[in-house]
Amino acid sequence: MQYSNVMLLNSLTEEEEKIIIHKGTEQPFSGKFDAFFEEGIYACRRCNAPLYISNNKFHSGCGWPSFDQEIKDAVIHIPDSDGIRTEIQCSTCKAHLGHVFVGENFTKKNTRHCVNSLSLQFVPKK
């Protein structure tokens, strides 16, 4: 018997679809994870794949959750057609997460993943 390689995806609200599928951006300072700093894992809202560890999250003041490192191979980087920004997507389901910026000197890693809260779900450390 052969099984298909079907990925089960979570259902999304209309607002989540605008961000995750249609590559939108939520309003700054409106997301529930902007000023949220509990220990755990941030996972993809669409497919549950782990994306970021809480100890890589930092307060950037930009209005969106900021991380200076993703979990290895969890996020793909795609240059925007304008050549200015780089989009970040879940490597498992290709959900739009936000954009990554380098050279701002917020952390020693000098990288800021600017992520929409609606693209994430949080799994607390047990």
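The values are calculated or read from the model by the stated rules, or taken from the named source; none is laboratory data. This is a predicted model, so every value here is computed, not measured. In this analysis, Cβ positions are derived from the backbone assuming ideal geometry, glycine residues included, and neighbour counts consider all displayed protein chains.
At a glance:
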| read-out | value |
| --- | --- |
| Which numbered condition Y52 misses (of (1) part of a loop (DSSP other than H, G, I, E, B); (2) modelled with pLDDT of 95 or more) | (1) |
| Subset tally (residues that are buried (at least 17 other Cβ atoms within 10 Å of the Cβ) and either at pLDDT below 95 or part of a loop (DSSP other than H, G, I, E, B) (or both)) for segment 18-46 | 6 |
| Some residue of segment 84-95 being touching a residue at least 40 places away in the same chain (Cβ under 8 Å), in contact with a Lys or Arg (Cβ under 9 Å, 6 or more places away or on another chain), among the aliphatic types (A, V, I, L, M) and surrounded by 15 or more Cβ atoms within 10 Å (Cβ to Cβ) | yes |
| Positions within segment 67-98 being within 12 Å of the chain's Cα centre (by Cα) and among the basic types (K, R), in sequence order | K94 |
| Test: K126 is without any contact (Cβ under 8 Å) to a residue 40 or more places away in the chain and on the phi < 0 side of the Ramachandran plot | yes |
| Cβ pairs under 9 Å, 6+ apart, first in segment 98-114 and under 17 Å from I78 (Cα atoms), second modelled with pLDDT under 95 and among the basic types (K, R) | H99/R85; V100/R85; F101/R85 |
